[in-house]
Amino acid sequence: PYLIMLFGVTLTMIGTLYVRNNFCQSQKLAEAANRLSEKNKTMNRQVQETERLYRVLQKSEREYKNVINSVSDILFELNEAGEILFLNQSWERVTEIDKRQVQSVPLIEFLDAAQHPALEEAMDEIRRGIRKKFEILTRLKTADQDWRTVELKINAADSKPGEEDGAKMVGTITDIEDQTRANRALSEAEKKYQTIVENAAGGIYQLGMDGRLVSANPALAHILGYETPNQLIDGLENMSAIYLDANDRNRYERELLDVGFIRGLETRIRRADGQVIWVSENARAVKDANGEIAYFEGSIEDITQRKNAEMALREAKIQSDLSSRAKSEFLANMSHELRTPLNAIIGFSEIIKSEAMGPLGQPAYSEYAGEIYG
């Protein structure tokens with residue numbers, strides 16, 4: 001019985017240990033399964049986050065490319081040898097050359113050959129770290145072998161750790177051909193305008209609100225008795241001083257302020273040498289962006305000869321009228337003085353012709369008296 005009991009206890013202990021062992025293994029398997037499940041969830045979350053970040057990165061890259069391609073300037077990246085690594089879309093817009101065709105082509109080949117030495121020296125200094133950037137005004141070749149004026153800027157690119165491509169360079173090319181043409185056209189127009197002003201027969205000026213001359217052409221200086229425009233501007237403190245009639249000057253200022261212009265103002269002015277001359281003046285008020293009068297500009301023409309001719313003609317007319325009146329008065333007086341004896345002669349000739357006092361001795365007398373009467 002003792003052995004049987006011991007055997008039973010042993011079996012019981014073995015069963016208990018087996019059950020406990022199986023339970024522990026099941027518990028461990030469950031815990032491992034839970035851990036695997038959590039890891040799977042974590043990995044799924046990481047995969048989803050990676051996919052989200054990838055989509056965000058793709059979207060950012062597209063937006064970045066859109067921004068880069070929307071820039072009007074040409075953006076470029078060069079390797080250490082100066083060969084093209086990257087170009088934005090503006091390259092094709094400006095040059096009409098497919099940017100894929102110029103990959104790994106030295107950028108300098110598309111620039112003005114006259115400036116190659118300066119460009120090569122600058123790029124070499126950028127590669128060696130002597131300088132960080134370089135700017136130059138040059139010309140860029142296009143697909144039709146034409147040239148456009150551009151502003152070229154090259155900068156040393158910040159290298160990243162582990163890069164093996166050597167010192168890169170980045171920069172911009174700004175197309176200023178249209179601006180350059182506009183500036184040339186403006187310069188030519190200014191030269192033509194200046195030539196016209198300088199050679200104009202009439203005086204042309206700009207007058208500040210304080211009454212001082214801002215600018216004047218040589219003709220105005222000559223009209224006002226000065227040798228050069230600078231002498232006129234420096235020597236005349238206020239244009240009001242040259243007018244003899246203050247009312248004319250007041251009219252000039254009043255109409256410019258109220259109406260904005262004045263036409264054909266004829267007045268007398270005093271030159272620097274004291275001589276008084278007649279002038280005809282036109283002027284207008286020039287306003288700024290705010291609608292306020294900034295200055296006056298106008299022209300002065302010397303009309304002294306015309307005025308003198310008009311006055312001489314007027315004087316001649318007066319003299320002619322006086323002469324005509326004197327002639328009329330003379331003829332009236334002469335007519336009166338002659339009429340009295342003529343009346344007597346006519347009366348007596350009528351008496352003789354009619355033989356009122358008796359017959360005439362000679363028939364010829366009657367004929368003569370008829371001619372006198374008739």
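In this simple spin-label model, placing a label point 7 Å from the Cα along the Cα-to-Cβ direction at both D273 and S240 gives a separation of 2.9 nm. Peptide packing: for 75-82, 289-296, 266-273, the average count of neighbouring Cβ atoms within 10 Å per residue gives the ranking 75-82, 266-273, 289-296, highest mean first. A full extension of the chain between E297 and R35 corresponds to an added length of 85.2 nm, given 0.36 nm per residue minus the alpha carbon distance. Here the extension length gained between D124 and L85 equals 12.3 nm, from 0.36 nm per residue of separation less the Cα-Cα distance.
Other residues lying with their Cβ under 12 Å from the Cβ of N282 contribute a combined charge of -3, Lys and Arg counting +1, Asp and Glu -1. In this simple spin-label approximation, E177 and N44 carry label points 7 Å from Cα along the Cα→Cβ vector, and these lie 6.0 nm apart.
Of T180, T228, the order by accessible heavy-atom surface (1.4 Å probe, DNA, RNA and ligands excluded), from most exposed downward, is T228, T180.
Any idea how far apart A114 and A185 come out in nm if each label point goes 7 Å out from Cα toward Cβ? It works out to 2.4 nm between the two label points. Placing unit charges on each Cβ (+1 for Lys and Arg, -1 for Asp and Glu) gives segment 180-309 a dipole about its Cα centre, and among N238, G203, L224 the Cα reaching farthest toward its positive end belongs to G203. Solvent-accessible area of segment 105-239 (1.4 angstrom probe, protein heavy atoms only): carbon and sulfur portion equals 49 percent. Charges were assigned to the Cβ only: +1 to each Lys and Arg, -1 to each Asp and Glu. The resulting dipole of segment 99-240 about its Cα centre is roughly 360 debye.
Between N247 and L322, residue separation times 0.36 nm minus the direct Cα-Cα distance comes to 23.6 nm.
The values are calculated or read from the model by the stated rules, or taken from the named source; none is laboratory data. A quick note: this is a predicted structure, and the numbers were derived from the prediction, not measured. Positions of Cβ are backbone-derived with ideal geometry, glycine not excepted, and every protein chain shown enters the neighbour counts. Remember, those area values only see protein heavy atoms, side chains included, never the ligands or the DNA or RNA. Shrake-Rupley method; radii C 1.70, N 1.55, O 1.52, S 1.80 Å.
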